[in-house]
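First the structure, in the form of C-alpha cells, and then the observations on it.
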Amino acid sequence: MSDLFSRPYRIAAPDAIETEPWTRFDPANESWTELGPELPGWDPAMDLRIQRTCVIHSDEVRDACRLLESDSISLAVTVWSRDAGVRECLYRTEIIGSGRHPMQVECLLIGSQTAGEVVLCTELVTSGAVRSTDVFAPPGPGCVLWSDEFSIEVEGAGSQFPIESGDFAEMPWISGSNAPWHVELECDVDLEEPVLRAIRLYINSGHEIMREYEQHPHISAIVRYDVARVLLTTILPRKGFAEQAESFDRKSLGGVVRNLAESLFPGWSLRDLAEDARHRPAEFETSLRSALELFHD
C-alpha cells in the first residue's frame with residue numbers, strides 16, 4: 001500500500017517484509033485455499049478462518065526507520081467493515097530481537113459482523129516508547145512503518161443481514177416456540193430497502209441443537225438454504241422484479257436477491273427463474289438445494 005502523503009519519519013522498504021496471499025479454510029474439504037476478492041454466497045452463520053505467512057526482516061526495518069534494537073515493533077492485522085459498522089484488531093504480535101522473523105498470521109472473521117466491503121489491513125507499527133534519538137525516527141508508539149491492504153467484497157444473502165439469538169419462548173412475536181430458527185421478511189417489503197433492515201434471521205437459543213449450530217455444518221447448510229429459499233421465493237416472483245433487477249443498488253434487498261440468484265444459477269435469466277419460482281415452486285426449491293450442494297462433503 002503506497003502512502004498518499006509523506007510521513008514525518010522514515011518507513012520500511014517494501015522488501016523488508018515478505019508476505020504471501022491471504023488464504024481461507026474450507027471446512028468442507030478441510031483445506032486452505034487462496035482468498036479471492038469476492039465471497040459469493042457468504043454464510044452469516046459461519047465464521048471464516050483466514051491466514052497468511054509474513055516474514056519480517058527486523059534489522060532492515062530498524063535500519064531504514066532509524067530505530068534501535070530495543071525499540072519495540074509489532075505486526076498487527078485489523079478488519080474494517082463499513083456496512084457492518086465494525087473496525088477491530090484481529091491479530092497482534094511483537095517482533096522481538098534481530099534477524100528474520102517468519103510467522104503464520106491466523107485470524108477469525110465473525111460472519112455476523114461482516115458485510116459489504118471488508119478490508120484487511122496488515123501493519124508493522126511501533127509498539128512502545130521510541131528510544132532512538134535520530135531526527136528521522138518515528139516519534140512514538142503507533143507509528144505505521146509498513147502496511148498492506150486486502151479487500152473482500154461479500155456478495156449474496158450472507159452477512160448482509162443481521163442475526164439475532166434468543167429463546168423463542170420469550171419472544172411472543174415469533175409463532176412456534178419450538179422452531180429452531182425464524183426468517184423474518186415481509187411479503188410487501190420495499191426492494192429499495194437496505195438489506196440490513198429488510199431481513200433478519202432469528203436463532204432459537206432455547207433449542208438445544210441450535211445453541212451450537214455453527215459447529216454442525218449440515219444444520220448450518222439447512223439454515224443457509226432456508227434463508228436463500230425465503231429470499232428467492234418471496235422476491236423473484238414479484239411482478240416486475242426481473243425487469244427492474246439491474247436498477248437496484250447492490251446493498252438493497254433487490255440487489256442482494258439479484259446477486260444471490262445470479263451466483264447460484266449462472267447462465268439462467270432472472271425472468272426464467274421468476275417463472276419457475278412462481279409456477280413450479282417445488283421444482284425450483286429442488287434446483288436451489290442442488291445449487292447450494294446441500295450435504296456435499
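Residue count for the stretch 1-52 satisfying the condition of being at pLDDT 85 or above, of a type in the set (K, R) and in contact with a strand residue (DSSP E or B) (Cβ under 8 Å, 6 or more places away or on another chain): 3.
When S132, S177, S127 are screened for being among the small types (G, A, S) and loosely packed, with under 15 Cβ neighbours inside 10 Å, only S177 passes. Has the stretch 178-189 got any residue that is outside the structural domain of T114 (by TED's automatic domain parsing), in a helix (DSSP H, G or I), touching a residue at least 24 places away in the same chain (Cβ under 8 Å) and closer than 27 Å to E293 by Cβ? Checked against the condition, which is being outside the structural domain of T114 (by TED's automatic domain parsing), in a helix (DSSP H, G or I), touching a residue at least 24 places away in the same chain (Cβ under 8 Å) and closer than 27 Å to E293 by Cβ, the stretch 178-189 yields no hits at all.
Residues that are in a helix (DSSP H, G or I) and modelled with pLDDT under 90 were ranked within the stretch 259-286; the one that is surrounded by the most Cβ atoms within 10 Å (Cβ to Cβ) is A261.
Among R229, R224, which is the only one that is modelled with pLDDT of 85 or more, of a type in the set (K, R) and buried (at least 17 other Cβ atoms within 10 Å of the Cβ)?
Working: R224 fails: modelled with pLDDT of 85 or more.
The conditions single out R229.
The values are calculated or read from the model by the stated rules, or taken from the named source; none is laboratory data. Treat the numbers as computed from the prediction; the structure is a model and nothing was measured. Virtual Cβ from ideal backbone geometry, glycine too; neighbours counted across all protein chains shown.
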